[in-house]
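Engineer: Handing you this structure, nothing more for now.
The values are calculated or read from the model by the stated rules, or taken from the named source; none is laboratory data. All figures in this text were calculated on a predicted structure; none of them were measured in a lab. Cβ placement follows ideal geometry from the backbone for every residue including glycine, while neighbour counts extend to all protein chains displayed. These area figures cover heavy atoms from the full protein model, side chains too; ligands, DNA and RNA do not enter into them. Shrake-Rupley method; radii C 1.70, N 1.55, O 1.52, S 1.80 Å.
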Amino acid sequence: MTKIIQFTDTHIIPEGSLAYGKVDTAAALAATIETINRMLPVIGPVDMTIVTGDLTDAGGEAEYRHFLRIMSALKTPYRVIPGNHDCADNIRRCFPDRSWISESGPMNWISDFEDFALIGLDSQVEGRPYGDLSAKTLRFLQAALSELGKKPALVGLHHPPVKAGVDAMDRQNLRESGPLREILNAHEDEVRVICGHLHRSVTAMLGGVMCQIAPGTSHAVTLNQIPDAANSLTIEPGGFMLHEWRDGFVSHMIPVGRYEGPYPFTGHQ
């Protein structure tokens, strides 16, 4: 049974600093990895972890080196896609394993597993908070799905192609979701979209395709649905997703940290 872990929006900054003066993103990432590693005996084996963008907060080389040091403890293979806070050139410069990273252009890739393929798409628009999929990326996706034929696909990108009702973030989502929707809905088998950017767990439909937005590892975008409210962060529990194949895609949201239990169900039911 193919299983993929997804976490997102780690926003690593130079060592010893707090993001936005409030958030220890490095400690949150380390706690996420500790939780994953501790849970692998009961949820695994896991084929791959995908980090769906905003690995760092400013895209600097020192930030990526700090990210890589923390990630070295993860007991699964992993791949990443860039978000609006990332720098593709510095990812290429800093990552030791570049076999899956394109030398130039959009950082798109595919990894094929027994039950489905995992496709990473680059939605970054340099210097802008919103996302878009270039013509080259859309061609890559269409060719990848065509080659898969009647095989499911899990498609990861940073920017959600759907609105979640938080105006400040909805304005920073994927700009043109129509071409993506058409390509995905034409696929011969099941497709699920996974993304980040919103720092919240949200499920929505993109045409006939389910879109799962993952929570952040360290902080959330405040759930404020008042029109034109200012964007802000809230310190909420971090989490990650487990996506697996049973009779179709199943996605679990798992909180980061240690909690009481497990306790047997005893007494009156």
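Engineer: Suppose we keep only residues that are in contact with a strand residue (DSSP E or B) (Cβ under 7 Å, 6 or more places away or on another chain) and hydrophobic (A, V, I, L, M, F, W, C) within the range 236-260. Which one would you say is most open to solvent (accessible area, probe 1.4 Å)?
Structural biologist: Step by step, filter the range 236-260, then rank; the result is M253.
Engineer: OK, next. Only residues that are out of contact with any Phe, Trp or Tyr (no Cβ under 9 Å at 6 or more places or on another chain) and in contact (Cβ under 8 Å) with a residue 60 or more places away in the chain: list them for the range 127-158, please.
Structural biologist: G131, G156, L157, H158
Engineer: Restricting attention to the range 99-137, which residues are more than 17 Å from L154 (Cα to Cα), open to solvent by 30 Å² or more (accessible area, probe 1.4 Å) and in a strand (DSSP E or B)?
Structural biologist: Q124
Engineer: Conditions first: (1) in contact with a Gly (Cβ under 6 Å, 6 or more places away or on another chain); (2) farther than 20 Å from I50 by Cα; (3) buried (at least 20 other Cβ atoms within 10 Å of the Cβ). S177 passes all but one, so which condition is the exception?
Structural biologist: (1)
Engineer: I need the full set of residues from the range 1-25 which are among the hydrophobic types (A, V, I, L, M, F, W, C) and crowded, with 24+ Cβ neighbours inside 10 Å, in order please.
Structural biologist: Of everything in the range 1-25, those that are among the hydrophobic types (A, V, I, L, M, F, W, C) and crowded, with 24+ Cβ neighbours inside 10 Å turn out to be I4, I5, F7, I12.
Engineer: Further question: So S102 fits all but one of (1) modelled with pLDDT of 95 or more; (2) under 20 Å from the mean Cα position of the chain (by Cα); (3) of a type in the set (S, T, Y); what number is the exception?
Structural biologist: The number of the failed condition is (1).
Engineer: Inside the range 48-98, can you point out the residues that are in contact (Cβ under 8 Å) with a residue 40 or more places away in the chain and either open to solvent by 60 Å² or more (accessible area, probe 1.4 Å) or among the small types (G, A, S) (or both)?
Structural biologist: If the condition is that a residue be in contact (Cβ under 8 Å) with a residue 40 or more places away in the chain and either open to solvent by 60 Å² or more (accessible area, probe 1.4 Å) or among the small types (G, A, S) (or both), then G53, A58, G60, A62, A73, G83 are the ones that fit.
Engineer: What are the residues in the range 1-28 that are touching a His at 6+ places or on another chain (Cβ under 8 Å), farther than 14 Å from F240 by Cβ and either among the polar types (S, T, N, Q) or part of a strand (DSSP E or B) (or both), if any?
Structural biologist: Correct list: I12, A19, V23, T25.
Engineer: Are any residues in the range 198-228 over 26 Å from D57 (Cβ atoms), open to solvent by less than 70 Å² (accessible area, probe 1.4 Å) and in contact with a helix residue (DSSP H, G or I) (Cβ under 9 Å, 6 or more places away or on another chain), and if so, which ones?
Structural biologist: L206, G207, G208, V209
Engineer: Give me the pairs: first residue in the range 188-205 and touching a residue at least 60 places away in the same chain (Cβ under 8 Å) and within 18 Å of E236 (Cβ to Cβ), second residue open to solvent by less than 20 Å² (accessible area, probe 1.4 Å) and of a type in the set (V, I, T), beta-carbon distance under 7 Å, and six or more apart or on different chains, which are they?
Structural biologist: Close Cβ pairs (under 7 Å, with a partner that is open to solvent by less than 20 Å² (accessible area, probe 1.4 Å) and of a type in the set (V, I, T)) amount to G196/T8; G196/T52; G196/I213; H199/V221.
Engineer: A further question follows. Taking the range 49-85 on its own, how many of its residues are more than 21 Å from E15 (Cβ to Cβ) and in contact with a helix residue (DSSP H, G or I) (Cβ under 6 Å, 6 or more places away or on another chain)?
Structural biologist: Count: 2.
Engineer: Quick check on the range 29-40. Is at least one of its residues assigned to a strand (DSSP E or B), in contact (Cβ under 8 Å) with a residue 60 or more places away in the chain and either crowded, with 20+ Cβ neighbours inside 10 Å or touching a Cys at 6+ places or on another chain (Cβ under 8 Å) (or both)?
Structural biologist: No: the range 29-40 contains no residue that is assigned to a strand (DSSP E or B), in contact (Cβ under 8 Å) with a residue 60 or more places away in the chain and either crowded, with 20+ Cβ neighbours inside 10 Å or touching a Cys at 6+ places or on another chain (Cβ under 8 Å) (or both).
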